[in-house]
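Q: Take this structure, written in structure tokens, and hold onto it; I'll ask about it next.
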Amino acid sequence: MAEISIKRKPSRKELREDIIIGFVVVLFALFCLLPFITMFTASFSEEALIKEKGVALWLRGFSLDAYRYVFMYPDDIFHSYLISIIVLVIGTVLSITMSLSTAYAISRPYFKYRNIVGFFLFFTVLFNGGLIPTYILIKRYLHLYDTIWVLILPQLAQPTNIFLLKVFFGGLPDALFESAKLDGANETTMLVKIGAPLVFSGVITCLFYVVLAYWNDSFTPIIYIESKDVQPVQLLLQRMNDYIKFIQNNAQLGGGMAGNMEVPDTTIVYAISIVSTVPMMIVFASFQRFFVRGMTVGAVKG
């Protein structure tokens, strides 16, 4: 006999609570979206109107001058995007691999040095060597200065991701790994075929954090990158204002358009922000459900 499910009609009190909660959530979402909407409309507005009346939620005229200047040299933009993507892909793969294997190791009760490793990881969260010693180490001893590896290696081991994955591994029953050991599986097999699939939500959460950290890292290239050959898009966009003003003052280098048109120094800031933000918005939209699930599971596990 088929089961008949009877849905209970919510009471008036529950309806009021749902309406209030929904209103608060929508209001909070609007507050989060308003800065981006303002930035988006300002990037397409006319420079003179923005300077005269300020930014708004709606367009003040319509102009593509800011984006024309941002993409005045598309080869440089494309090359910088390529560098950023290479750094992002290689760094993310290596960082997730390192975090996953380290978290698995310190979550196993039979690993003798797990407390020592955990202590050193936690110590690096509280203290660091400082900018000058790190600069000397990277430039003089590791010889990573002005190379693509200086954008990748310093962020490989992220203790917060390791501890988050450790929480996920700690919630798995030991019987799974013990039975796999009896079947002859080694640690690598247990990590790849048992542990990693079961903590997939946590891996996706850490993946989002790592991608965000690599993409938004503008401090490292400012300190350690000089050559345009390994200049990521974040550094290129930060230097764009000075670069375009230099072209404006040297019309022969920038061509007729740079010499004859006024540089939209206000709207170009918003255009640069849009160009650097959109890729991360796409990534977040693609992995949002995994990210929310991972954060929820990680928050309730002890």
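The values are calculated or read from the model by the stated rules, or taken from the named source; none is laboratory data. Keep in mind it's a predicted model, so treat the numbers as computed, not measured. Backbone-built Cβ (ideal geometry, glycine too); neighbour counts: all protein chains shown. The area values use the complete protein model at the heavy-atom level, side chains included, leaving out ligands, DNA and RNA. Shrake-Rupley method; radii C 1.70, N 1.55, O 1.52, S 1.80 Å.
Q: Spot the failing condition for His143; the list is (1) part of a loop (DSSP other than H, G, I, E, B); (2) within 25 Å of the chain's Cα centre (by Cα), and only one is missed.
A: Going through (1) part of a loop (DSSP other than H, G, I, E, B); (2) within 25 Å of the chain's Cα centre (by Cα) one by one, His143 breaks only (2).
Q: Condition check: at pLDDT below 85 and farther than 19 Å from Ile268 by Cα. Does Lys53 satisfy that?
A: Answer is no for this residue.
Q: Between a first residue in segment 274-295 that is over 27 Å from Val167 (Cα atoms) and open to solvent by 70 Å² or more (accessible area, probe 1.4 Å) and a second residue that is at pLDDT 75 or above and of a type outside the set (Lys, Arg), which pairs have beta carbons less than 9 Å apart while being 6 or more apart in sequence or on different chains?
A: Pairs found: Met281/Phe36.
Q: Same structure again: State the number of residues belonging to segment 164-181 that are open to solvent by 20 Å² or more (accessible area, probe 1.4 Å), closer than 13 Å to Val199 by Cβ and in a helix (DSSP H, G or I).
A: 5
Q: Residue by residue through segment 210-226, note down the ones that are of a type outside the set (Phe, Trp, Tyr) and either within 8 Å of the chain's Cα centre (by Cα) or in a helix (DSSP H, G or I) (or both).
A: Val210, Val211, Leu212, Ala213, Asn216, Thr220, Pro221, Ile222, Ile223
Q: Scan segment 50-106 residue by residue and report those that are within 28 Å of Leu34 (Cα to Cα), free of Cβ contacts under 8 Å to residues at least 12 places away in the same chain and open to solvent by 60 Å² or more (accessible area, probe 1.4 Å).
A: Within segment 50-106, Glu52, Lys53, Phe71 qualify.
Q: Among helices (runs of 4 or more DSSP H) lying entirely in segment 227-274, which contain 2 or more residues that are closer than 28 Å to Tyr214 by Cα, modelled with pLDDT of 65 or more and not polar (S, T, N, Q)?
A: Hits in segment 227-274: 233-238, 240-249.
Q: Checking the condition within 19 Å of Leu94 (Cβ to Cβ) and either touching a strand residue (DSSP E or B) at 6+ places or on another chain (Cβ under 9 Å) or open to solvent by 70 Å² or more (accessible area, probe 1.4 Å) (or both), which residue from Leu156, Leu191, Leu142 passes?
A: Leu142
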